[in-house]
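Engineer: Have a look at this one before I ask anything.
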Amino acid sequence: MRKKVIKLLVWLLDKVRNDDLNNGFEMENQPCYNKEGKFIGWFSRSMAVAGFVYCKDRRGNLYVLASERGKGAADFQGYWNCTCGYLSFHETLKDACFREIHEETGVDLTNEGNCQIVGINDKLNANKQNVTVHFRIVIINKTIENFKFSHDFNDGKDEVGEIKWIAIDEIDNYNWAFNHCQLIKDYSIDLYQ
């Protein structure tokens, strides 16, 4: 019986994550139990983070760190986005943001720039109904030429394609996932100095 319940929960999780929630598939929070049948929490909307990282080049032009979604990405393959992913157990939102940046780009920003929450998307029509906290990280003491990218921390899932700094005045030339094009503009408006 327990195996059937676990299979059902796995199927529901897959259904929630892969179906278009705007097409009528709705789900209530569900209780979750460990192997011994003890209640351990609720299966509910997922918490995610997105890191909007800004840096200038040697000439003073403003760029944003972005990556192309690879063949192994859950959705929007071939589209561009700022680094994003899910909150893990035993980490803060800020830690999750820095971990995702490192995993997806190879760049370690834990001691760089300033980091602040600039937005939260909890709309019901958001991607998979995730609740996403947006962070803005502004690199001050380095230029884009100081950073090297790596896929070494991506666990070989092909989730990330090309990684690069994109000039703010060129972001409209790319196809973006998750409304990141507009968010990049919104979160950088005060950085044009």
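Engineer: Quick one: is residue 157 modelled with pLDDT of 95 or more, of a type outside the set (Ser, Thr, Tyr), in a loop (DSSP other than H, G, I, E, B) and out of contact with any helix residue (DSSP H, G or I) (no Cβ under 9 Å at 6 or more places or on another chain)?
Structural biologist: No; evaluated as a whole, the condition is false for this residue.
Engineer: Turning to a different aspect of this structure: Does residue 184 qualify as being surrounded by 15 or more Cβ atoms within 10 Å (Cβ to Cβ), under 21 Å from residue 70 (Cα atoms) and in contact (Cβ under 8 Å) with a residue 24 or more places away in the chain?
Structural biologist: For residue 184, the condition - surrounded by 15 or more Cβ atoms within 10 Å (Cβ to Cβ), under 21 Å from residue 70 (Cα atoms) and in contact (Cβ under 8 Å) with a residue 24 or more places away in the chain - is met.
Engineer: Can you name the residue in the stretch 160-175 that is under 22 Å from residue 71 (Cα atoms) and in contact with a helix residue (DSSP H, G or I) (Cβ under 8 Å, 6 or more places away or on another chain) and is also most open to solvent (accessible area, probe 1.4 Å) among such residues?
Structural biologist: Ranking the qualifying residues of the stretch 160-175, first place goes to 174.
Engineer: Which of the residues that make up the stretch 81-108 are closer than 10 Å to residue 135 by Cβ and over 9 Å from the mean Cα position of the chain (by Cα)?
Structural biologist: 93, 94, 96, 98
Engineer: Related question: Check the stretch 137-148 and report whether any residue there is of a type in the set (Asp, Glu) and at pLDDT below 95.
Structural biologist: The answer is no; no qualifying residue exists.
Engineer: Another question, if that's okay. What are the pairs with Cβ atoms under 7 angstrom where one residue, in the stretch 136-158, is more than 18 Å from residue 113 (Cα to Cα) and the other, located anywhere, is part of a helix (DSSP H, G or I)? Sequence gap at least six, or different chains.
Structural biologist: 153/102; 153/103; 154/103; 154/104
Engineer: Across the stretch 30-41, what is the number of residues that are assigned to a loop (DSSP other than H, G, I, E, B), of a type outside the set (D, E, K, R) and in contact (Cβ under 8 Å) with a residue 12 or more places away in the chain?
Structural biologist: Summing the residues that are assigned to a loop (DSSP other than H, G, I, E, B), of a type outside the set (D, E, K, R) and in contact (Cβ under 8 Å) with a residue 12 or more places away in the chain in the stretch 30-41 gives 1.
Engineer: Looking at 155, 186, which one is of a type in the set (Asp, Glu) and touching a strand residue (DSSP E or B) at 6+ places or on another chain (Cβ under 9 Å)?
Structural biologist: Answer to the check: 186.
Engineer: Can I ask one more? Step by step: first the residues of the stretch 8-41, then only those that are surrounded by 13 or more Cβ atoms within 10 Å (Cβ to Cβ) and among the aliphatic types (A, V, I, L, M), then the one that is modelled with the highest pLDDT. Which residue is that?
Structural biologist: Out of the qualifying residues, it is 27.
The values are calculated or read from the model by the stated rules, or taken from the named source; none is laboratory data. Predicted, not measured: the structure shown is a model, and the values here were computed from it. A quick note on method: Cβ atoms are made from the backbone with ideal geometry, for glycine too, and the neighbour counts reach across all protein chains shown. When the accessible area is computed, the model is the full protein with side chains, heavy atoms only, and any ligands, DNA or RNA have been set aside. Shrake-Rupley method; radii C 1.70, N 1.55, O 1.52, S 1.80 Å.
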